[in-house]
1. If a residue must be open to solvent by less than 10 Å² (accessible area, probe 1.4 Å), at pLDDT below 90 and small (Gly, Ala, Ser), how many such residues does the stretch 980-1004 contain?
2. Please enumerate the residues belonging to the stretch 821-837 that are at pLDDT below 90 and either surrounded by fewer than 20 Cβ atoms within 10 Å (Cβ to Cβ) or not aliphatic (A, V, I, L, M) (or both).
3. Quick check: is even one residue across the stretch 465-481 at pLDDT below 85, open to solvent by 20 Å² or more (accessible area, probe 1.4 Å) and over 18 Å from Leu750 (Cα atoms)?
4. Residue under question is Phe639, and the condition is that it be in a helix (DSSP H, G or I) and under 31 Å from the mean Cα position of the chain (by Cα); does it hold?
5. How do the pairs read when you match residues in the stretch 780-794 that are hydrophobic (A, V, I, L, M, F, W, C) with residues anywhere that are modelled with pLDDT under 50 and open to solvent by less than 100 Å² (accessible area, probe 1.4 Å), using Cβ under 9 Å and keeping only pairs 6 or more apart or on different chains?
6. Could you figure out which of (1) at pLDDT 80 or above; (2) under 23 Å from Leu802 (Cβ atoms); (3) β-branched (Val, Ile, Thr) isn't true of Thr720?
7. Going by the conditions given, is Lys385 open to solvent by 20 Å² or more (accessible area, probe 1.4 Å), without any contact (Cβ under 8 Å) to a residue 12 or more places away in the chain and either of a type in the set (A, V, I, L, M, F, W, C) or not in a helix (DSSP H, G or I) (or both)?
Amino acid sequence: MHIFMIPQTGNTNCYQCTSIVTVTGVNSLQSVVMPGGSSSDLIYNYFFSGVAYLHLLHLILLSGDVERNPGPGLIAGNTPSTILRKNYAILIDAITDNLYRITNGLYAKGLISMETVSHIQTATGISDLIKSSQLVSVLQRRLEASVYPDQYLIDICHVLINQRHLTITDIATSILHHLGQSIPDNATFITLIPDDVQGYADDMRQHYKHQPIVAIDWPPRVGKDFFGRLALVEKQDHSTQAESAWYLLRGQVDKIVKLPKDKEISVEDVLQPTDNSLSLRVVIDGPPGIGKTTLCRKLLNSWANGALGPQQYDLVLYCPLRNSQIATATTLAELFEYKSPKVSKAVDWLSDREGKGLLIIFDGWDELSEQLRKSSIATSIIHRKQLRHCSVIVTSRSYASISLLEVDNLSRHVQVIGFFEHEISTVIIQTLQKDQKLAQKLIDENKTSSKTKELNSHVEYKPHFATVQSNKDSQLAVKLINDLKVRSDVLSLCYVPLVCSMVILVYCKEGGHLPTTLTQLYENFILQTIRRHIKRHDINPRSLNTLSSLPSQLSRPLQEMCQIAYTNLANNTKMVFSLHNEVVKEDYLGLMTTFIEYDEEKYQFLHLSIQEFLAAWWIAKHEKKTQEVFKNHFDDDHFRMCLRFVAGLTHLEHESYQQYFNKQLDLQCKREPLYGLESCYLSYFCKNSEITKYTHIKSLDDVDNVPILLLQLLYETQHTALCQLLAQSIKNHSLCLDEGQMSLSLYDWLCLAYFINNSNTTWNHLHLGNVSKHAVSVFTAGLTNNSLHVVQTQCKILEVKLDDPTNELMHKLLQLSLLDNIQECYCELVSGQYVSCLVLLQFLNLHQLRILHLTMTDTPTVGNVYTNKCVELEKRIEMNSTLEEMKIEHSADEVISNTIISVIRGVTKNKKITSFSVSIFYIRVDDYDPPFDPSYCLPDGVLEQLLKDNSSLQALSLDIPDEALPSSLNIVEVNTPLTALQIGKIFCNPSKMTLLIPLMKRCNCLMLHEPCPPHFSFSHLNLHTLTLQLKTAESAIELFTFLQMNTTLQVLIVEIRREGVTVYTSCMGTSLQGMLTQNQTLKCFEIYDYFVECIPNSFLSFLITGLRHNTSLQRLNVNIPFNKDITTFTDIISQKNNLAELIMNFTFAKEAFDVYLHSDSREEVAKEILKLRREQFLTFWMYELLLPAVTNMLSLHMTIRRLRINCLGIDNESKPLPNWKETLQHLYKTIFIHPSLEYIEINFGIIPPPSLFVGTLKDQKKTLIDKHRKEQPYKPLPIVNIKHL
């Protein structure tokens, strides 16, 4: 064979063979000419002289030996091992640029081990070329050891082809041809990336690969690979997000509170594909310094190393929006931060593909002006109006991310929450102890467990750190960690990496001193930075004691930088700018960094929070109109952090600052109102029945009036007189921090504690909401911080829900002097490690306490110590002379603890308690759950003794399952002067307890959640309020027939609980109709079915006829089937001016379809409805029938005060018809002009409300409020609550 090769010089080299094959190559080997003139196209684009012979050999192998084997196939003597070895050199070169992606692909297919992956990913000190050589060597060895070497090599080729890289694909297909294998389809249809685009992408990979992941070298980096913990936030509907947006700390350097539904994810999960086929839109937010930009750099580095995840991107563009050129860009080309002649080709190619294969990272959405957030190329791309196929990541401070969360089909919302508490200790150790072995030894010394959680390895540390090491760095780390446990206010700031770095720096420089406020922290940090970056040798860094006393050669540039900081902060938070003052350029004191932007030197501060402090320094120290500037920016979100610094620097001593603290604030709890039915029976058991309503609401005119900023300003000022001024401005001295109103970071809890501690006020009501154990620690520490302070601050009523409490934590909370004179306490303990009897004893130490409601998860009280404490508990309750109302709720699987027994025995002998409630929840989900152990039952005689011997109880609620009652229970005597009795609830039905009903001497209120013969109830002729559960039509008929002539009962609640028995018979309906017609003394009536899905239409007919003749009902709660009679029902209601409260529970009626079909005017529409799902059918009826009927009812009924509509099973995604919005507008207008309506609730169950409901109300809100205030200036705004569970 003769082979002729024409190299670059044009010379022809000839090699003697048995046949003639002509090979030509100009710059690269391109074709081979076979005998007879046939040719074989080659697939190599790049040719290196060192491997020229190998290329030629591959060419021959592809075309085959013409004499012996004209077609593709394995040449005799060439094994897979030989083939791979002959490709060794070119594979190494080709793999180098895609090393990490190929490594991951090979591991995913099981072709290499995890040890190999770890070496490639983590080995330092060797180049990627050497790593590629090592990887190919591993493949060669594993191939030679394989039982099926042909398949192993084929699998390698498939992995290489999947990389979509032309050169690598060519090599792989060459090998497959040589093995006699067909080419995979995905290799045939690879989209070739133009050379210019590939070249630019390769340039960016090299740039991203070599830039540091942590962007700045000062302050010192904290720890290794701490890129911030991420929490994946499931997308919420925009109305909920807008209402609760302030939960996220708006540019504040403290911990972002982790919400209950958050899911912790890894960095690699950020770009995981979603279920829909749209390009990714990911929003990443968090407070300043938390690591958002660092996370971006980590993602860029991962892409450069081929380890970004399953998504393969041809190009990743990093677009920092602080760069004015990028922020104001109008074309895609202007988004390319790094210019190159290749950009124009890349832009054209990406534009033609609508951005396919492109990932853009917009970093710093909050740094755009409001105008640019509405109209810019970034906005257009994010909303898929341009480059709709490209993927996008947007980072932002939390306060500015609200609009991003409204993006259609948002893929993922990620919050960077910084360091967990245990990680802060790890960071401190790894930062201060540079010796890795000593650092690890220190970590191991203080571990409590080696267990790890599912996602990340979390070290659990001891409560107090210690070390046997004599090394000073280790001792300093231990001291700082322990100091931070005491100073939890500063610890809470360390969740932010930037601030953690500052704390470590200042702590070291100041010899173990922690600053009190953020202002002091930043002032110390900046002073230390200046000391480090002094360039003039005639200045001794140690002579710099404060920023205010800097020598002139330093104070002048500092003053100029402060002015620059303020000017640019006031100019839409501009961070990137040019400098024209040469003095500052030469000596910017280490507080700014410089870079080249489009051939122009640009400057920016180390971080926005540094700029904010310097701006505050200018306002406080150099601005002549400090108070005016403060006022002008008070409502500017961009200035919140700056104003905190101004407060710390000025202490807000000027009298003009008082205006911000003496505005009247209504921060009382706003709860869903108690309907008359609830208030009637709760009044017997609870003196303060309103507090039993847990759900909070927000009225339409509520603004962000919870003074988070004011609390932070107070703490920064350390100005006690302003605390007292703010306290006096809060209406009724009532403060509600329930989750429906606000959420606090740990730093905010410190600020709140400082405010309350110095308020010198008796608080009528404090609702602390849902509080973590860390927040309680901060709060209690803040309230006890100043032991010399003469405490005048007290609290009368406290509500709190504590997550994961401990005995020690409860002791600290209940020992607060704030609670010395507390009268009412409503406390829920969720999980935790505590002993219930010890906690109860702590509550009984509150000597003025009159009402105690305590819900707790119990822990078994074992051992003599706790047994003795239970005896003490019983005695303390017996002797208590202030407690009047006690409610204990205890959830347990099988244990009725000694605590509950001691409580009941103590109440039995107490002479003061008039209302006692005890609930024990034990639920067997199915027959596979273990039965209740009889040995855990209440002892014999405990309840009998309570009912026989107690002489003070007037209201008793016993919610104890039958399984927990002793089998020998025998109630024969009731001497307790009970007037109200409740037995059981929905899950606990102690039928044995109904035996005491006939033994009661007098009963005004009887609540039975267990079927009981009606005549049992009416053995008490003076019965005023009755709740009764019915299971059969016969029992219902008996009840309603008896009540036709009754003249004493005023409140009736009927629970229908069927068990395969028809209750809604015609006879039952007739008796209900008769009762409503003839009984004219019943004021409140409620009848509902817990588990009914379909109520017959006939029930509504009987109800309507009865209501038509009734004149006494003031409150009504009924289940109503969806059918045409809804209009008739609402017409009847509109005539009942005595009816002030109405609850309508709408359910699906099977007959509704048939009824609807016979409607002459809507026959065609009904036929279409039949094709829809049931939810769509209900939705149609709601808009077309229910809402117009309700609107008409409200327009005619002039005295109704409260209305609740429960619509279950609605399809919230149904496409609205054109007239539905008008229907809602008419309803809302009617609500706001109604003369008496105070509250209306529309509840959609577990399904979020349809967006049309929320959006229409939001659009009309301002107009409706203005109209109401103009026409009804003395009537409060109605509360419109559109909700779901």
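1. 1
2. Hits for the stretch 821-837 are Val830, Ser831, Gly832, Gln833, Tyr834, Ser836, Cys837.
3. No, that holds for no residue.
4. yes
5. none
6. (2)
7. Answer is yes for this residue.
Listed here are the residues, each with its yes/no results for (1) open to solvent by less than 50 Å² (accessible area, probe 1.4 Å); (2) out of contact with any His (no Cβ under 6 Å at 6 or more places or on another chain); (3) of a type in the set (Val, Ile, Thr).
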position	(1), (2), (3)
Ile130	no, yes, yes
Leu143	yes, yes, no
Tyr148	no, yes, no
Ile154	yes, yes, yes
His158	no, yes, no
Ile175	yes, yes, yes
Pro184	yes, yes, no
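The values are calculated or read from the model by the stated rules, or taken from the named source; none is laboratory data. Treat the numbers as computed from the prediction; the structure is a model and nothing was measured. Counting neighbours? That spans all protein chains shown, and the Cβs are built from the backbone with ideal geometry, glycine included. Side chains are part of the model used for accessible areas, which takes the heavy atoms of the whole protein and leaves out ligands, DNA and RNA. Shrake-Rupley method; radii C 1.70, N 1.55, O 1.52, S 1.80 Å.
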